[in-house]
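No lab work stands behind these numbers, since they all come straight from the coordinates. Owing to the predicted nature of the structure, the values given are computational and were not obtained by experimental measurement. Cβ placement follows ideal geometry from the backbone for every residue including glycine, while neighbour counts extend to all protein chains displayed.
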Amino acid sequence: MFAPPPAKLISSTLQAFQRQWFRFRRGVKSLALRVFRVKDASERVARGFALGMVINFIPTFGLGVLVSGFVARIFGGNVIAGLAGGASLTFFWPFLFFLNLRMGGLLVRPEIEVDEVADINEKSMNALMWGKSFILGMSVNIILAGIMVYLLVFFLHARLRPAALAWFRRRRLRRSQEAA
């Protein structure tokens, strides 16, 4: 028969999940604060963030965040926003890899079928990594995601920057008053 897990195991698992969720939320807030603190033209911030973010569609083997800052600088975007954009999707690379394969599969028939993320293994990665479908899907995703993120950040950065910075100041002030 199946025995239910002990309460201690459930409690420790729940606490670990809560810690991870807290770290994730804190990371997202920190990333947003870095982007809103940039005192540059909204166009340069949007360009830097979009260029940094689309680097994640390219398999950079862990160097995407560093590469994103250089790419943002080369193309006239803000370096800090580029680094923030590069860090935004770092942990979603398996999904982005799968998205590249699916988009390329819509345009070019791949040699190996990949229907789910679980179907990606060493054999399929070697066959599809530099295949036509992956490269074409990656290119299309970079263009589409880059344009959408650029427009989104461009319009939101200028309009929300003062309100976002005021919100972050209030939160910080409230935390420092609670600690005292």
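Taking 0.36 nm per residue of separation and subtracting the Cα-Cα distance, full extension of the segment from SER30 to PHE61 would add 8.8 nm. A DSSP coil position with no more than 12 other Cβ atoms inside 10 Å describes the following trypsin sites (Lys or Arg not before Pro) in the stretch 1-81: LYS39. Taking only the alpha carbons of the stretch 35-174, we obtain Rg and Dmax values of 17.3, 57 Å in that order. For a paramagnetic label modelled at 7 Å from the Cα of GLU43 toward its Cβ, which residues of the stretch 65-97 fall within the zone defined by backbone nitrogen distances under 15 Å? Counting only backbone N, you get 75-78.
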